[in-house]
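Enquirer: I have a structure I would like to understand better, so I am pasting it below and will then ask my questions one at a time.
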Amino acid sequence: MAEQTWQDHLVTESDGLMRIKRHGKMAVDAMLVADEQHLAQSSDDRSLNQLVNIASMPGVVGEAWAMADWHFGYGFPIGGVLATDTEWGEQGGAVSPGGVGFDINCGVRSLALNISVDDIPSRERLGRRLNGRIPSGGSGKGGVELDETMLDEIILRGASAAVDFGLAYGEDLDNIESGGCLETEGSVSQRAKNRGMKALGTLGSGNHFLELQVVEKIVDSNPHNLFEGQVMVMIHSGSRGFGHQVCTDHVRSLESKYHSRDGAWYNEEWDFEIPDRQLAAAPIHSKDGESYIDAMNSAANYGFANRCALTHRLRKTFQVEMGDDVEAKLVYDVSHNIAKIENHVIDGKNCTCCVHRKGATRAFEGQTVLVPGDMGTGSWMLEGLAGNRAFGSSCHGAGRLLSRSEAKKRIDGIELKQRLEQEGIMIHANTPNILAEEAPDAYKDVDEVIGLTSKAGLAKAIARLKPVLVIKG
């Protein structure tokens, strides 16, 4: 008899939601923000097998979730949300670096400018200036000059330190998730510090970007008093090499503590069994678990400060281009690669959980949610809804359809740039390969992703934003 797969346990829950019923070693059910059409278009057995795998993590509670933008990742699917009980067992449920990812506190911020697109005297000149003043690419060259004392302050205090260093406004802090600072003792490796020393205020490469947008339409409530045609800026970046090194250090350490046993991976010290070594985890209250959380929070603070420094450079560029009358107000800044200790109601009982959001955004009731799409289509601003079943979470983007290598095979980056510019979207990128990797055809339909997110009761649409100028790494 053939072994059963997740397809054998898949049922439609409601419009916009599908359920994979608990089977095999799953401790909880798994939920997909999808319908049959979306599943057929974006189905990748690897990523949904990963969703099934994380539903067996030690201490898991509620359900394992895949947001509508799910795709294959390291251990956890990107778009995955998983909560573990901090009081499970002797030392708490699992915390897994794979459930956060290598770019810790990769996130998005949106700024509203007090101008319309027609007020910009020359988009061509502005694009050249932004491209010259916003360092991009994988090297990290061109970052803010830091000494070790300043770096330590960034690690410990995040956006608050950026304010003290003149890289952010004090009023920005009210519009950053967690105020732009997570509690930490700053225990990270020297190699991580070395990688962070020169990269603050740099965009990075891959799917990171700075994008000028216009408000195309306002859909529902308008809590930020936006107007159609208004210029917005979206910045997508994270903790750069600093966060990557933090993750690498802890992944290597934790994976070394597991050995293969009967087709799974096992740790004797904690009696943890996991189906994939990339899910290597430690109990939340163990020495290893606490060490990872502390280092992760340090990297998160660096990520908050990095987006502050990028914003500072943006504001300075607009001052040079258009004078002091142009204001860029921070609307909100959200994380989408993070694990946080939160209180949630599970099966009618209060539970203190470690909520992993990997390629997923916190979407508490009334909270602003920022969802970048692709550089040829558009992005969305959402608002979290009451009764969000996914631990107060939402999608974080459109989600990949094609791997980077497959996109480069299929898409001509030079032709794409020409086509987008004919459509009124100016593109600055370091290489044609980056454009091919990040082409609209490499991503899911962001409007469909937003529609499913709304149907699932996770968040509602506020406004759709159309790109007009894109800076890519």
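The values are calculated or read from the model by the stated rules, or taken from the named source; none is laboratory data. The model shown is predicted, which means the values in this text are computed figures rather than measured ones. Note: ideal-geometry Cβ built from the backbone for every residue, glycine included; neighbour counts use all protein chains shown.
Enquirer: Taking Ser178, is it closer than 16 Å to Gly238 by Cα, modelled with pLDDT of 95 or more, in contact with a strand residue (DSSP E or B) (Cβ under 9 Å, 6 or more places away or on another chain) and hydroxyl-bearing (Ser, Thr, Tyr)?
Expert: So Ser178 passes the test.
Enquirer: OK, next. Looking at the range 162-213, which of its residues are assigned to a helix (DSSP H, G or I), buried (at least 20 other Cβ atoms within 10 Å of the Cβ) and aliphatic (A, V, I, L, M)?
Expert: Ala162, Leu173, Ala192
Enquirer: Then there's this: Kindly indicate whether Gly376 is modelled with pLDDT under 95 and surrounded by fewer than 21 Cβ atoms within 10 Å (Cβ to Cβ).
Expert: Yes; evaluated as a whole, the condition is true for this residue.
Enquirer: Name every residue in the range 172-198 that is more than 19 Å from Lys340 (Cβ to Cβ) and in contact (Cβ under 8 Å) with a residue 40 or more places away in the chain, in order of residue number.
Expert: Asp172, Ser189, Arg191, Ala192, Lys193, Arg195, Gly196, Met197, Lys198
Enquirer: Is it fair to say Ala282 is surrounded by 24 or more Cβ atoms within 10 Å (Cβ to Cβ) and of a type in the set (A, V, I, L, M)?
Expert: Considered against the rule, which asks whether it is surrounded by 24 or more Cβ atoms within 10 Å (Cβ to Cβ) and of a type in the set (A, V, I, L, M), Ala282 comes out as yes.
Enquirer: Considering (1) under 24 Å from Leu401 (Cβ atoms); (2) in contact with a Pro (Cβ under 8 Å, 6 or more places away or on another chain), say which one Phe76 fails and leave the rest.
Expert: If we test Phe76 against (1) under 24 Å from Leu401 (Cβ atoms); (2) in contact with a Pro (Cβ under 8 Å, 6 or more places away or on another chain), just (2) comes out false.
Enquirer: Name the residue, out of Ala34, Ala30, Ala55, Ala66, that is touching a residue at least 40 places away in the same chain (Cβ under 8 Å), buried (at least 23 other Cβ atoms within 10 Å of the Cβ) and within 19 Å of Ser393 (Cβ to Cβ).
Expert: After ruling out the rest, the residue left standing is Ala34.
One line per residue, one yes/no per condition, for (1) buried (at least 20 other Cβ atoms within 10 Å of the Cβ); (2) out of contact with any helix residue (DSSP H, G or I) (no Cβ under 7 Å at 6 or more places or on another chain); (3) under 16 Å from Ala456 (Cα atoms):
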| position | (1), (2), (3) |
| --- | --- |
| Thr5 | no, yes, no |
| Glu13 | no, yes, yes |
| His23 | no, no, no |
| Met26 | yes, no, no |
| Gly107 | yes, no, no |
| Leu113 | yes, yes, no |
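Enquirer: State all residues of the range 40-77 that are acidic (Asp, Glu) and assigned to a strand (DSSP E or B); if no residue qualifies, say none.
Expert: Answer for the range 40-77, where residues must be acidic (Asp, Glu) and assigned to a strand (DSSP E or B): Glu63, Asp69.
Enquirer: Continuing with this model, one more query. Looking for something under 19 Å from Met197 (Cα atoms) and buried (at least 24 other Cβ atoms within 10 Å of the Cβ) - is there at least one such residue anywhere in the range 85-100?
Expert: Looking for residues that are under 19 Å from Met197 (Cα atoms) and buried (at least 24 other Cβ atoms within 10 Å of the Cβ), one finds none in the range 85-100, hence no.
Enquirer: Counting only residues that are surrounded by fewer than 13 Cβ atoms within 10 Å (Cβ to Cβ) and hydrophobic (A, V, I, L, M, F, W, C), how many does the range 408-427 have?
Expert: Selection size over the range 408-427: 1.
Enquirer: On to the next question. Filter the range 387-407 down to the residues that are more than 16 Å from Val81 (Cβ to Cβ) and either of a type in the set (Lys, Arg) or out of contact with any Gly (no Cβ under 7 Å at 6 or more places or on another chain) (or both), then identify the one that is surrounded by the most Cβ atoms within 10 Å (Cβ to Cβ).
Expert: Arg400
Enquirer: Considering Glu255, Glu268, Glu183, Glu211, which residue is in contact with a strand residue (DSSP E or B) (Cβ under 8 Å, 6 or more places away or on another chain) and at pLDDT 95 or above?
Expert: Glu211
Enquirer: Next question, about the same structure. Looking only at the range 403-428, which residues are touching a strand residue (DSSP E or B) at 6+ places or on another chain (Cβ under 9 Å) and farther than 29 Å from Ser47 by Cα?
Expert: Across the range 403-428, the qualifying residues are Lys417, Leu420, Glu421, Gly424, Ile425, Met426, Ile427, His428.
Enquirer: Look through Ser237, Ser256, Ser291 and report the one residue that is among the small types (Gly, Ala, Ser) and surrounded by fewer than 17 Cβ atoms within 10 Å (Cβ to Cβ).
Expert: Among Ser237, Ser256, Ser291, only Ser256 is among the small types (Gly, Ala, Ser) and surrounded by fewer than 17 Cβ atoms within 10 Å (Cβ to Cβ).
Enquirer: What residue, of Ser160, Ser205, is of a type in the set (Ser, Thr, Tyr), under 23 Å from the mean Cα position of the chain (by Cα) and modelled with pLDDT under 95?
Expert: It is Ser205.
Enquirer: Residues being farther than 29 Å from Met150 by Cβ, of a type in the set (A, V, I, L, M) and either without any contact (Cβ under 8 Å) to a residue 24 or more places away in the chain or not in a loop (DSSP other than H, G, I, E, B) (or both): count how many of those fall in the range 263-304.
Expert: Final tally of qualifying residues: 4.
Enquirer: Could you identify the single residue in Leu452, Leu458, Leu435 that is under 18 Å from Gln41 (Cβ atoms), of a type in the set (A, V, I, L, M, F, W, C), within 25 Å of the chain's Cα centre (by Cα) and buried (at least 19 other Cβ atoms within 10 Å of the Cβ)?
Expert: Leu452
Enquirer: Scan the range 443-460 for residues that are in contact with a strand residue (DSSP E or B) (Cβ under 6 Å, 6 or more places away or on another chain) and either at pLDDT below 95 or assigned to a strand (DSSP E or B) (or both) and jot them down. Full working, then the answer.
Expert: Initial filter on the range 443-460 (in contact with a strand residue (DSSP E or B) (Cβ under 6 Å, 6 or more places away or on another chain)): 443, 446, 449-450, 452-454, 456, 458-460.
If the condition is that a residue be in contact with a strand residue (DSSP E or B) (Cβ under 6 Å, 6 or more places away or on another chain) and either at pLDDT below 95 or assigned to a strand (DSSP E or B) (or both), then Tyr443, Ala459, Lys460 are the ones that fit.
Enquirer: Let me ask something else. Assuming Asn114 fulfils every condition listed in (1) in contact with a Phe, Trp or Tyr (Cβ under 8 Å, 6 or more places away or on another chain); (2) within 27 Å of Ala159 (Cβ to Cβ); (3) of a type in the set (S, T, N, Q) apart from one, which condition is it?
Expert: (1)
Enquirer: Given the criteria small (Gly, Ala, Ser), under 21 Å from the mean Cα position of the chain (by Cα) and surrounded by fewer than 24 Cβ atoms within 10 Å (Cβ to Cβ), does Ser47 qualify?
Expert: Against the criterion (small (Gly, Ala, Ser), under 21 Å from the mean Cα position of the chain (by Cα) and surrounded by fewer than 24 Cβ atoms within 10 Å (Cβ to Cβ)), Ser47 qualifies.
Enquirer: When you scan the range 320-388 for strands (runs of 3 or more DSSP E) that lie fully inside it, which ones turn up with 2 or more residues that are under 14 Å from the mean Cα position of the chain (by Cα) and within 25 Å of Pro77 (Cβ to Cβ)? Write out each step before concluding.
Expert: Working: elements: 328-335, 337-346, 349-358, 360-362, 368-374, 378-384.
Qualifying strands (runs of 3 or more DSSP E): 328-335, 337-346, 349-358, 360-362, 368-374.
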